[in-house]
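Working notes, beginning with the structure itself.
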Amino acid sequence: MAAETPSGEDVAGGSTDVADTGGDVETGTGGRLERFSSVQVFVHATLAVSIFVLYLTGLPMTFADQLGWLFSVFTYGNIVLIHVAVGVVFVLVGTYYLLYLAVGMLLERRSIPALPTLDDVREAVAYLGYLLGRNEKPPSKKYSWLQKAEIWVLAVELVVLSATGLLLWYRGIFVSPEFRAILGADAALADTLLLFVRDVHVVIALTMLMGISFHLYMVNVKERYPFNETMFSGDVSAGRAAHHWEEWADAELEAPPETDHTPRPSKRTLVGVTLALLAFFAVVLTATLLASILSPLPSREYLLALPADPTGAANVVFLVGLNAAVLVILAGAAAIVYGMSVRLRGGYDE
Ligand code: HEM
């Protein structure tokens, strides 16, 4: 299945004339570099599968009309139960990883290369110049400015989802006499706060769908087409490292590798996938507006009287768009399970 494609330009930069290789093995020279520790590989896989399950169980709660078949298969009670149980697993694994980072930093003096720095701002500005054809592509450290932006946007969204999810789980707080007393016995305010928490949970969950699909697109289409195995093997070929993260590769390698050969999609595939991604963003944004921001929730019924449920052609778009999202989520979960099973069977060992 090996395939080679001469690589003369930046994958992330967008313009490429290279034909579909159909291959899935890169052939960079100079061996392989470790990019992620085993802990990072397992934490990433657990969090990713948890997130996919949280979507599979959360989306039908918001879009019962379009995804009600999931209730028919699993029942409403089980869907909520799985959501909360996996939510707790997610919070525990996330907390474990934060402790792992803190211990590594404080006791073992390990740095955290994903932390943002001023250099990232400079790289982003230079990257803009590169896109405008004014300068060369700026070299990246272990993570490019765009990867750091992705990581931090997703991290903040996940923290907000965890906090609001836990509040929804313990929603009894909002009706407790103690909490109401703090609010000056204003029962309406307590109800509004609960609805606000629920709205934030839904809006962030929906908009994060765009972040996750962008992440999958960057990793599997732009960076390493059609399936990026780095998050399972934990390493990367020196050639690809030098291509995407030049400064990091230079620091890690004694001699820079000659070249990189990374399979990438043809122009037609790239345009097709990019358009599908943009169409998906449009559906997500409209769904978020209708399902949460503009919907006549109890918290907003005095303000707006827009129909929450799309009708006619819009409903068909929603039906297709949301069920397509479910398919992508299932495919994502299957890909993670596949990649991790290959790793556990020693498929990525030297
Ligand atoms: C990637 C992370 C998550 C996503 C995408 C997500 C998504 C959702 C969605 C879409 C809903 C439906 C809200 C509605 O329309 O009423 C929901 C409800 C809920 N979520 Fe999450 N969620 C996530 C994480 C969590 C976490 C970490 C917890 C914590 C345990 C949690 C607990 C809950 C609870 C308790 C509900 C309400 C269930 C009910 O109606 O009884 N969620 N979530």
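Among the residues of segment 202-234, those that are surrounded by fewer than 19 Cβ atoms within 10 Å (Cβ to Cβ), of a type in the set (Phe, Trp, Tyr) and away from the ligand (no atom under 16 Å from the Cβ) comprise 217, 227. Kindly check whether there is at least one residue in segment 136-148 that is within 15 Å of the ligand (Cβ to nearest atom) and either farther than 24 Å from residue 240 by Cβ or of a type in the set (Asp, Glu) (or both). Looking through segment 136-148, none of the residues is within 15 Å of the ligand (Cβ to nearest atom) and either farther than 24 Å from residue 240 by Cβ or of a type in the set (Asp, Glu) (or both). Just so you know, in segment 217-243 the residues that are in a helix (DSSP H, G or I), at pLDDT below 90 and within 20 Å of the chain's Cα centre (by Cα) include one that is farthest from residue 142 (Cα to Cα), and it is 222. Residues that are within 16 Å of the ligand (Cβ to nearest atom) and more than 28 Å from the chain's Cα centre (by Cα) do occur in segment 174-182. With respect to the conditions (1) over 25 Å from residue 340 (Cβ atoms); (2) among the small types (Gly, Ala, Ser); (3) in contact with a Pro (Cβ under 6 Å, 6 or more places away or on another chain), residue 238 lacks only one, and its number is (1).
Would you point out the residue of segment 25-55, among those that are more than 16 Å from the ligand (Cβ to nearest atom) and among the hydrophobic types (A, V, I, L, M, F, W, C), that is modelled with the lowest pLDDT?
My answer is 25.
Note on segment 74-174: no enclosed helices (runs of 4 or more DSSP H) hold 3 or more residues that are in contact (Cβ under 8 Å) with a residue 24 or more places away in the chain, buried (at least 17 other Cβ atoms within 10 Å of the Cβ) and basic (Lys, Arg). Determine whether segment 186-194 contains at least one residue that is touching an Asp or Glu at 6+ places or on another chain (Cβ under 8 Å) and within 14 Å of the ligand (Cβ to nearest atom). Looking through segment 186-194, none of the residues is touching an Asp or Glu at 6+ places or on another chain (Cβ under 8 Å) and within 14 Å of the ligand (Cβ to nearest atom).
The values are calculated or read from the model by the stated rules, or taken from the named source; none is laboratory data. Only a predicted model underlies this, so the values are computations on that prediction, with no experimental measurement involved. With ideal geometry, Cβ positions are generated from the backbone for all residues, glycine too; neighbour counts draw on all protein chains shown.
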